[in-house]
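The values are calculated or read from the model by the stated rules, or taken from the named source; none is laboratory data. Quantities reported herein were computed from a predicted structural model and do not represent experimental measurements. Cβ placement follows ideal geometry from the backbone for every residue including glycine, while neighbour counts extend to all protein chains displayed. We work out accessible area using only protein heavy atoms, side chains counted, and drop any ligands, DNA or RNA first. Shrake-Rupley method; radii C 1.70, N 1.55, O 1.52, S 1.80 Å.
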Amino acid sequence: MKAPAWTEDELVLAGALVVENGWRELRTGDQAVQELSELLRSLPIHSAEALALPGFRSPDSVSRKTTDFATNHPGYSGGRTRCGKPTLRMIAALIEREAEMLAAARAIEEGIGSGQLQLYAPQPDEVDETGVVAVEGRLLVRQALVRERSAKLRRLKIKQVKGHGEALRCEVCGFDFARTYGELGVDYIEVHHVTPLHAAGASETSLDGLACLCANCHRMCHRVSPGKSWRTPEELRGLMRTSVPGARHAASASEAAPVSAS
């Protein structure tokens, strides 16, 4: 069995290590490399067969990956090592959104250390339909999906909206399930974290930090594109205005699953 390619979760952790080392590579004997090797082997991502491979995510392999990050930085003047597109995308993300990406790395570390991330079962839409994963990592997407599918969270958000006398409709396109589907659509909506959980920095979810969305807009807020894997409802509204001005929107029944967050 060939060693699995580095996942985004692993890349953000390795990349954060290099950033914190001034974009310099780290050697095999470095304590931080040893610790990262142990952490990578504890991530609930790879199969038992992969973990049994000789040298899988060993300190040597971690050190080599830090070299990929350091030598492929735009400011590096020496020879560059060969690395894949995912590593190059992670380098770009770390340069453009350093604070957010470092926060993502810390969130993964803390989630693994506390045992929280190991408790979340894999979600069917933590990977994009094209096979691409959010640059912040699959485990953080998995965490967001599980939390956003909480029946209690959805119920409380609906109660808050109705308590303010507002109509329960998509905050991006204005779609109203009850107006379109009648009784079947009453009190149906999906919830979305306006700010990624790792960037929000709060362990408890605030209802004001949630948005009510239809299934289509929810999917578009989460849809992965190179280097970008999270959009606020405001950003999505802007995309709708500039792409097809005045276009009408209808929620897709095939994507409308209770409290989903894809």
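Structure above, values below:
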| quantity | calculated |
| --- | --- |
| The chain: angle of helix 233-243 to the longest principal axis, Cα-based, in degrees nearest 10 | 80 degrees |
| Taking the convex hull of Cα positions in the range 79-186, its mean projected area over all directions (nm²) | 10.8 nm² |
| Helix 31-42 vs. the chain, principal-axis angle (Cα, 0 to 90°, nearest 10) | 50 degrees |
| Pairwise FRET efficiency - Lys159 versus Arg179, Cβ, R0 = 25 Å, nearest 0.05 | 0.80 |
| Of all accessible heavy-atom area on the chain, the percent that carbon and sulfur account for (1.4 Å) | 52 percent |
| Net charge, Pro196 excluded, C-beta distance under 12 Å - Lys, Arg +1, Asp, Glu -1 | +1 |
| Two-decimal Rg to Rh for the chain - Kirkwood Rh, Cα set | 1.03 |
| Dmax and Rg, reported as Rg then Dmax, of the range 142-191 (C-alpha, Å) | 11.5, 33 |
| Most to least accessible of Ile45, Ile91 (protein chains only, probe 1.4 Å) | Ile45, Ile91 |
| By accessible area with a 1.4 Å probe, ligands and nucleic acids excluded, highest first: order of Ser114, Ser42, Ser61, Ser77 | Ser77, Ser114, Ser42, Ser61 |
| Average accessible area per residue (Å²) across the chain - probe 1.4 Å, nucleic acids and ligands excluded | 51 Å² |
| Which listed pairs, of Lys2/Lys65; Lys2/Lys85; Lys65/Lys228, have C-alpha distances above 28 Å, in listed order | none |
| Average Cα contact separation per residue, the range 45-141, under 8 Å, 6 or more apart, as relative contact order % | 17 percent |
| Whole-number percent relative contact order across the range 101-250, with pairs defined as alpha carbons under 8 Å at least 6 apart | 22 percent |
| Amide hydrogen neighbours beyond the local backbone of Cys212, cut-off 5 Å, H modeled | Glu171 |
| Estimated FRET transfer efficiency when R0 is 35 angstrom, pair Ser206-Arg41 (beta carbons, to 0.05) | 0.50 |
| Inter-label distance for Asn21 and Thr81, nm, one decimal - labels placed 7 Å from Cα along Cα-to-Cβ | 0.9 nm |
| Qualifying lysines (Cα of each under 17 Å from Cα of Lys152; at least 8 residues distant if same chain) | Lys162 |
